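Report on the following structure.
Please treat every number below as a calculation from the coordinates, not as lab data. For clarity, every value in this text was computed on a predicted model and none was experimentally measured. Cβ coordinates were reconstructed from backbone atoms using ideal geometry, including for glycine residues, and neighbour counts include every protein chain displayed.
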């Protein structure tokens with residue numbers, strides 16, 4: 001399975017084949033088949049709907065709006081809090097701010113602000129016994145728009161598992177991100193729109209830390225530093 005998404009807005013539609021946009025290039029298809037199912041499928045409630053409507057689990061703030069209590073810094077980045085806003089600066093090499101608690105199944109919501117080409121992200125389920133934050137050990141919910149739609153995993157994507165539409169955020173204002181995690185199932189929303197969804201390999205089906213990234217401009221020629229801002233970061237744990 002390479003991709004999966006659930007959206008109740010789409011019930012039926014046409015199927016189209018796309019030709020290459022580069023003049024002179026061709027593409028060929030064969031053995032195109034479809035089986036139309038006449039039975040009525042059982043529609044299950046989406047994980048985002050269940051978690052949003054839940055009233056039995058309490059919301060918890062991930063930071064107190066004044067200090068970095070409960071968080072630890074890894075790498076070259078620097079972090080500070082002012083007027084309820086958490087500011088991250090990558091420094092020369094980049095770094096992470098790691099929450100001390102562990103979560104497996106949860107609903108996380110936050111607001112963030114970043115300028116175009118700056119690099120950040122929210123990484124979840126990092127193994128607590130790991131000294132580093134790695135894409136092989138944690139799930140990267142990306143905040144990074146580079147080179148327009150040519151960037152494979154732009155803001156709102158689950159790198160490197162599920163891509164998002166490009167241009168989902170406002171670089172001059174606050175943006176909202178929601179992350180839903182239930183076992184191997186991860187769903188992301190950006191500014192109220194579903195941006196990506198994936199069923200991840202079993203190695204990611206574990207409890208772990210939540211990490212905020214102050215990343216360098218990895219794809220830029222100068223690989224310069226980045227700034228990112230977070231506020232109103234809340235989590236509802238379903239563990």
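For the stretch 68-83 versus the stretch 117-183, the inter-centroid distance based on Cα atoms is 19 Å.
Could you put 113, 30 in order, starting from the residue whose Cβ has the fewest other Cβ atoms within 10 Å? Please list the in-between numbers first.
Details: 113 21, 30 4.
Sorted ascending by nearby Cβ count, the order is 30, 113.
The Rg/Rh ratio for the chain is 1.00, where Rg is the radius of gyration of the alpha carbons and Rh is the Kirkwood radius.
Over the residues of the chain, the helix contribution to mean residue ellipticity at 222 nm works out to -500 deg cm²/dmol, using -39500 (n - 2.57) for each DSSP H run of at least 4. Ellipsoid semi-axes for the stretch 38-150, based on the Cα gyration tensor and the rule √(5λ), read 29, 20, 16 Å when sorted largest first.
Taking other C-beta atoms within 10 angstrom as a stand-in for reagent exposure, 17, 212, 46 fall in the order 17, 46, 212, fewest first. Counting 0.36 nm for each residue step from residue 78 to residue 137 and taking away their Cα separation leaves a gain of 18.9 nm.
Can you sort 153, 171 so the residue with the fewest Cβ neighbours within 10 Å comes first? It would help to have the intermediate numbers written out before the result.
Values: 153 19, 171 13.
Fewest-to-most ranking of 153, 171: 171, 153.
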